[in-house]
Amino acid sequence: MSTGSGADSAPAPKSTHDSRTHDSTTHDSPAPGSPIRDGRTGPEATTPEGTAPDATARDVVTPDVTTSEAPAETAETREAGTGGSGGTFSSLKIRNYRLFATGAVVSNIGTWMSRITQDWLVLSLTGSSAAVGITTALQFLPMLLFGLYGGVIADRYPKRQLLLFTQSAMALCGISLAVLTLSGHVQVWHVYLIAFMLGMVTVIDNPTRQSFVSEMVGPDQLRNAVSLNSANFQSARLIGPAVAGVLITTVGSGWAFMLNGLSFIAPLAGLLLMRQHELHKSVLVPRGKGQLREGLRYVRGRPELIWPIVLVGFVGTFGFNFPIWLTAFAHEIFHGGAGMYAFFNILMAAGSLAGALLSARRRSSRILMLVLAAMGFGLLEILVSVSPSVWLFSLLLLPIGMIGLTVNVSANTSVQMASDPEMRGRVMSLYMMVFVGGTPIGGPLLGWVTDTYGARIGFAAGGVVSLIAAAAVGLVLTRVAGVRLKVDLRGGRPHMAFVPKERELATAA
């Protein structure tokens with residue numbers, strides 16, 4: 001899994017690398033009480049202290065994250081390269097990010113090899129989809145229990161040092177599982193234990209990597225970098241399962257685990273080669289009491305943060321249990337082997353890669369995009385669950401991967417952009433805690449449903465929950481945010497957006 005480093009010292013609170021504005025060149029944040037511009041996520045809607053300017057402005061914040069077009073570029077931003085999208089691969093112009101991405105793609109291939117091999121190994125040892133769900137649950141249980149503390153650590157210490165530690169620990173986990181498997185002594189409890197240990201390391205690694213992205217590329221390239229990270233991960237997903245399938249059937253599972261452990265050399269080398277003086281300075285938070293509660297209060301008071309997190313919590317807990325469903329469909333419904341399971345993962349990765357590249361071209365994040373994508377994701381899962389043939393099932397995995405990735409990127413980017421730098425580690429730890437930390441609940445539950453009622457019912461159940469959650473969050477946003485869904489034609493094409501009700505009344509008058 002890819003990593004990055006953080007700066008070793010904290011800047012003054014009003015660093016120009018702050019993500020509070022969409023334009024780090026002009027610093028055109030609105031004055032307290034002034035109208036908030038449409039179509040952007042939360043940074044423009046906050047004061048330098050990260051709080052709403054007043055009650056009126058707070059009411060405008062949430063419509064601000066939901067609708068309308070991105071601000072027009074100025075001559076200065078075009079010249080500085082900050083106002084526009086800069087192309088699909090614009091973040092790769094930054095040397096430190098190139099090192100990050102290069103190391104990540106190697107490590108991510110190893111990670112996907114290990115994931116596929118681990119799922120199939122557990123299924124081979126136990127013959128149970130529920131056991132696969134337990135393994136996944138144990139890997140993400142630490143995030144549910146301790147995820148918020150990982151965010152406190154990420155905000156408190158230099159990220160480069162943290163990531164050197166976490167990536168080394170992940171390499172040791174991979175090599176340990178390889179040794180057990182190659183020696184012929186592996187048992188299912190070994191897999192459970194190593195999965196839990198890996199989850200403990202991930203508690204620190206995830207928020208540190210997530211919040212580090214803005215330090216590498218700055219606020220202007222943040223959305224592009226987050227999307228390219230996802231494209232990187234999904235590109236590896238195209239290769240890793242295929243390699244895993246070949247290794248499992250030829251030389252055995254142990255060598256797939258060994259290659260995963262060795263693949264962490266690449267991101268570790270990238271960390272060591274980065275030029276720290278080129279990183280955007282991080283705001284290191286000194287040790288103090290109540291920092292965990294402070295992070296929770298910060299998120300609770302901001303609709304532009306809390307509702308995307310709530311939605312991805314439901315979708316992540318119930319809609320992203322693909323190791324359970326794909327192994328069950330490959331094994332029970334279509335009577336295939338490890339090769340078919342790897343093929344299903346490759347198809348989902350291809351769809352996810354397409355979704356990531358499309359997201360990299362977008363210039364802003366909208367809550368409407370997130371809500372509609374989550375609803376489409378749930379509908380597709382229900383549809384794929386009743387597919388009568390392996391070919392139709394396989395074909396539908398492509399859009400599921402694409403739309404699922406759109407949900408992830410839209411939520412991730414909007415949450416990061418709406419967070420102040422000194423709070424970003426804690427905010428992203430909460431985001432990751434609800435996104436993947438719900439797996440210990442959803443994994444065993446949907447594994448039991450799949451074992452008891454069949455793979456089709458299990459897959460459909462995840463889709464139904466995702467669809468209902470997306471519809472509910474969309475309804476809540478229209479009420480709490482004081483907005484309504486507007487549909488009109490622009491350039492001959494339908495256009496949908498959340499708009500403030502007050503604006504609609506003024507227009508009508």
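Worth a mention:
- Selection within region 161-203 - touching a Phe, Trp or Tyr at 6+ places or on another chain (Cβ under 8 Å) and free of Cβ contacts under 8 Å to residues at least 60 places away in the same chain: Met200
- Condition check for Thr406 on (1) modelled with pLDDT under 90; (2) open to solvent by 10 Å² or more (accessible area, probe 1.4 Å); (3) farther than 16 Å from Ala225 by Cα: one failure, at (3).
- For region 439-488, taking the residues that are modelled with pLDDT under 80 and hydroxyl-bearing (Ser, Thr, Tyr), the one that is nearest to Ala131 (Cα to Cα) is identified as Thr439.
- Ser128 in contact with an Asp or Glu (Cβ under 7 Å, 6 or more places away or on another chain), surrounded by fewer than 24 Cβ atoms within 10 Å (Cβ to Cβ) and either within 20 Å of Leu99 (Cβ to Cβ) or modelled with pLDDT under 90 (or both): yes
Residues checked against (1) buried (at least 24 other Cβ atoms within 10 Å of the Cβ); (2) under 24 Å from Thr406 (Cβ atoms); (3) modelled with pLDDT of 85 or more:
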residue: His185; (1), (2), (3): no, no, yes
residue: Gly199; (1), (2), (3): yes, no, yes
residue: Val203; (1), (2), (3): yes, no, yes
residue: Ser227; (1), (2), (3): yes, yes, no
residue: Asn232; (1), (2), (3): no, yes, no
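- Taking the criterion of being open to solvent by 10 Å² or more (accessible area, probe 1.4 Å) and closer than 22 Å to Tyr97 by Cβ, the residues of region 234-262 that qualify are Gln234, Ser235, Arg237, Leu238, Ile239.
- Qualifying residue in region 333-350 (condition: touching a helix residue (DSSP H, G or I) at 6+ places or on another chain (Cβ under 7 Å), closer than 30 Å to Leu148 by Cα, surrounded by 24 or more Cβ atoms within 10 Å (Cβ to Cβ) and modelled with pLDDT of 90 or more): no
- Subset of region 187-197 [under 25 Å from Val436 (Cα atoms) and open to solvent by 30 Å² or more (accessible area, probe 1.4 Å)]: Val188, Trp189, Tyr192, Leu193, Phe196, Met197
- Candidate set from region 434-470 (those that are without any contact (Cβ under 8 Å) to a residue 40 or more places away in the chain and among the β-branched types (Val, Ile, Thr)); member that is most open to solvent (accessible area, probe 1.4 Å): Thr452
- Among (1) without any contact (Cβ under 8 Å) to a residue 24 or more places away in the chain; (2) crowded, with 21+ Cβ neighbours inside 10 Å, the one test that Arg297 misses: (2)
- One residue stands out in region 370-385 among those that are over 18 Å from Leu397 (Cβ atoms) and surrounded by 22 or more Cβ atoms within 10 Å (Cβ to Cβ): the one that is modelled with the lowest pLDDT, namely Leu370.
- Test: residue in region 308-326 that is surrounded by fewer than 20 Cβ atoms within 10 Å (Cβ to Cβ) and touching a Pro at 6+ places or on another chain (Cβ under 9 Å): no
- Hits in region 142-167 (condition: at pLDDT 85 or above, closer than 20 Å to Ile194 by Cβ and open to solvent by less than 50 Å² (accessible area, probe 1.4 Å)): Pro142, Thr166, Gln167
The values are calculated or read from the model by the stated rules, or taken from the named source; none is laboratory data. Note that the coordinates shown come from a computational prediction; the quantities given were computed from them, not determined experimentally. With ideal geometry, Cβ positions are generated from the backbone for all residues, glycine too; neighbour counts draw on all protein chains shown. The protein model used for the area step is the full one, side chains on, heavy atoms only, and it has no ligands, DNA or RNA in it. Shrake-Rupley method; radii C 1.70, N 1.55, O 1.52, S 1.80 Å.
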